[in-house]
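The structure appears right after this line, and notes come after that.
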Amino acid sequence: MVEEEKKALSHQAVEIDTTAFETPIAAPLLAAPKVVIDDIAAFEAWKKSNVIQQKQAGYVAIGIKVSLGDFYTDKARLLANLIKNYAANELRFSLRQDILIRHVKEEYLAFFYQELARLDFVALGYNATADITACPGTDTCNLGIASSTGIATELERVLATEYPQYLNDKEITIKISGCMNACGQHNMAHIGFQGMSINSGKLVAPALQVLLGGGNLGNGKGRFADKVIKIPSRRGPEALRSILNDFETNANGISFLEYYDAKGENYFFELLKPLSDITNLTETDFVDWGNADNYVKAIGVGECAGVVIDLVATLIFEAKDKMTFAQEAFDDKNWADAIYLAYAGFVNGAKALLLSENEKTNHHAGIIDLFDTVFTATNKIELKATFRELVYQINQNEPSEAFAKSYIQEATAFFEAIELYRAKDLANA
């Protein structure tokens, strides 16, 4: 369909003038001092993993593996000074959420290794299999269904401790997104995971859609991954182990994509099928990665005296955090920030309850309208106005102290209403 539409384009090709980029590499402002490396083996391993020879003789690029793409200002300023003074004053952020420093003189490598080590920026595995890409997921995104960063951290731990051979392997990519919007590009990975949910009665467990067979083939070509199977999120590490163990045992030297094509989607479905069974969920399965020590809500289930923590409760808890931040912003007289955080609390709280009804929560407007359809119009939850009217006050009022105060109060009342409903719903399950 896309190819058909291309025929109507007035310009079939666009010429790009690259002459401005063909200038000589700028000399560094300062000469790097000579340094002595104590651990030569570590230095050589870093060069093999993270240093790339440039086409310009005498220059290299240095890759920095940034865990989860989290890059903080304290280190950013020190890194900027290093690059400004001793390289060509240029860095790039990569699609893998890493940093690439270009135009470093090869004789400066020891000095750069020393300085980057002080910033804890010499972790091996730049742009490799163990360098997992993940969107923020439920950490900050209002649309996230499950924790992307939590499962990414665990999978990187599994690779580091159980599969060290993938530390520098650049063939297989692993990418994770918290929802179908694919900000983590999970659908373009050799092995991809998409945050989802699994309903188990009135409880909702975090889940992962496992996707296989995608990838960037080079030369402008790529392929989308197949959606193979959905499993509880807690079984993600075991799914990765099963896939890698099967590949290493049976691939006989061919690439991962060649192996996937040879075996076919159904082969991997059957391989992972035991992990999709939800009749044997444990308490741990209801706790998303990274949340076990932070979100605890006891819910009596039948005759079981154990504690079960479900995704809905977790998401409501996270949404209430927005209200805490909103009040803090209000106390600091940041009216606009307080209002926006209250808005985020409204939306996240509504999303959590809609998940318990197995409803789609793909975008803010849909969440707001659907909440009225499912809960307000049916009188399951009684509010002083429609949910749409409550939330969209943000579009009708200036960010004043008076409005911020009333908006936070109404959002707080909304949470009291949805928590009461949730408690009754579970009690009647």
### Summary
Scanning segment 401-424 residue by residue, those open to solvent by 50 Å² or more (accessible area, probe 1.4 Å) and in contact with a helix residue (DSSP H, G or I) (Cβ under 8 Å, 6 or more places away or on another chain) turn out to be E401, K405, T412, E419
### Verdict on A344 being out of contact with any Asp or Glu (no Cβ under 6 Å at 6 or more places or on another chain), closer than 25 Å to G178 by Cβ, open to solvent by less than 30 Å² (accessible area, probe 1.4 Å) and touching a residue at least 40 places away in the same chain (Cβ under 8 Å)
yes
### Task
Give the number of residues within segment 379-396 that are free of Cβ contacts under 8 Å to residues at least 24 places away in the same chain and part of a loop (DSSP other than H, G, I, E, B).
4
## Note on the structure
Looking across segment 253-268 at residues that are part of a helix (DSSP H, G or I) and of a type outside the set (D, E, K, R), the single one that is most open to solvent (accessible area, probe 1.4 Å) is N266
### Task
Would you be able to say whether some residue in segment 233-252 is touching a residue at least 40 places away in the same chain (Cβ under 8 Å), open to solvent by 10 Å² or more (accessible area, probe 1.4 Å), under 17 Å from V204 (Cβ atoms) and in contact with a Leu (Cβ under 8 Å, 6 or more places away or on another chain)?
yes
### Message
Which count do you get for residues in segment 362-378 that are more than 13 Å from I418 (Cα to Cα) and either open to solvent by less than 10 Å² (accessible area, probe 1.4 Å) or in a helix (DSSP H, G or I) (or both)?
### Response
8
### Task
Go through (1) surrounded by 13 or more Cβ atoms within 10 Å (Cβ to Cβ); (2) closer than 21 Å to I198 by Cα; (3) of a type in the set (S, T, N, Q) and name the single condition N358 misses.
(1)
### Task
Starting from segment 402-414, keep only residues that are within 12 Å of Y340 (Cα to Cα), then list their pairs with residues that are outside any helix (DSSP H, G or I) and modelled with pLDDT under 95 whose Cβ atoms are within a distance under 7 Å, requiring at least 6 positions of separation or different chains.
F403/N397
### Message
Just to confirm my filter: which strands (runs of 3 or more DSSP E) fall fully inside segment 91-179 and include at least 1 residues that are open to solvent by 10 Å² or more (accessible area, probe 1.4 Å) and farther than 20 Å from F43 by Cα?
### Response
91-93, 174-177
### Query
So which of S49, S67 ends up being in contact with a Gly (Cβ under 8 Å, 6 or more places away or on another chain) and at pLDDT below 95?
S49
### Test result for A117, within 30 Å of I83 (Cβ to Cβ), out of contact with any helix residue (DSSP H, G or I) (no Cβ under 6 Å at 6 or more places or on another chain) and either modelled with pLDDT under 90 or not acidic (D, E) (or both)
yes
#### Entry: Matching residues, segment 67-90, being within 23 Å of F43 (Cβ to Cβ) and open to solvent by 30 Å² or more (accessible area, probe 1.4 Å)
S67, K75, L78, N81, N85, Y86
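Residue-wise test of (1) farther than 22 Å from V66 by Cα; (2) free of Cβ contacts under 8 Å to residues at least 12 places away in the same chain.
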| site | (1), (2) |
| --- | --- |
| E5 | yes, yes |
| A8 | yes, yes |
| V14 | yes, yes |
| D17 | yes, yes |
| F21 | yes, yes |
| L29 | yes, no |
| P33 | yes, no |
| S49 | no, no |
### Task
Search segment 321-341 for residues being out of contact with any Ser or Thr (no Cβ under 8 Å at 6 or more places or on another chain), open to solvent by 30 Å² or more (accessible area, probe 1.4 Å) and touching a residue at least 40 places away in the same chain (Cβ under 8 Å), and hand back the single one that is nearest to L420 (Cα to Cα).
Q327
### Query
Filter segment 269-320 for residues that are at pLDDT 80 or above and among the charged types (D, E, K, R); which is surrounded by the most Cβ atoms within 10 Å (Cβ to Cβ)?
D288
### Task
Can you work out which of the residues in segment 180-225 that are assigned to a loop (DSSP other than H, G, I, E, B) and crowded, with 21+ Cβ neighbours inside 10 Å is modelled with the lowest pLDDT?
G184
### Task
Looking only at segment 3-57, count how many residues are within 23 Å of G125 (Cα to Cα), assigned to a loop (DSSP other than H, G, I, E, B) and open to solvent by less than 80 Å² (accessible area, probe 1.4 Å).
2
### Query
Does segment 406-423 include one or more residues that are of a type outside the set (F, W, Y) and in a loop (DSSP other than H, G, I, E, B)?
no
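The values are calculated or read from the model by the stated rules, or taken from the named source; none is laboratory data. Model, not experiment: these values are computed from the prediction. FYI the Cβ positions are ideal-geometry reconstructions off the backbone, even for glycines, and counts take in every protein chain you see. Just so you know, the surface numbers come from the protein's heavy atoms only, side chains and all, with ligands and any DNA or RNA stripped out. Shrake-Rupley method; radii C 1.70, N 1.55, O 1.52, S 1.80 Å.
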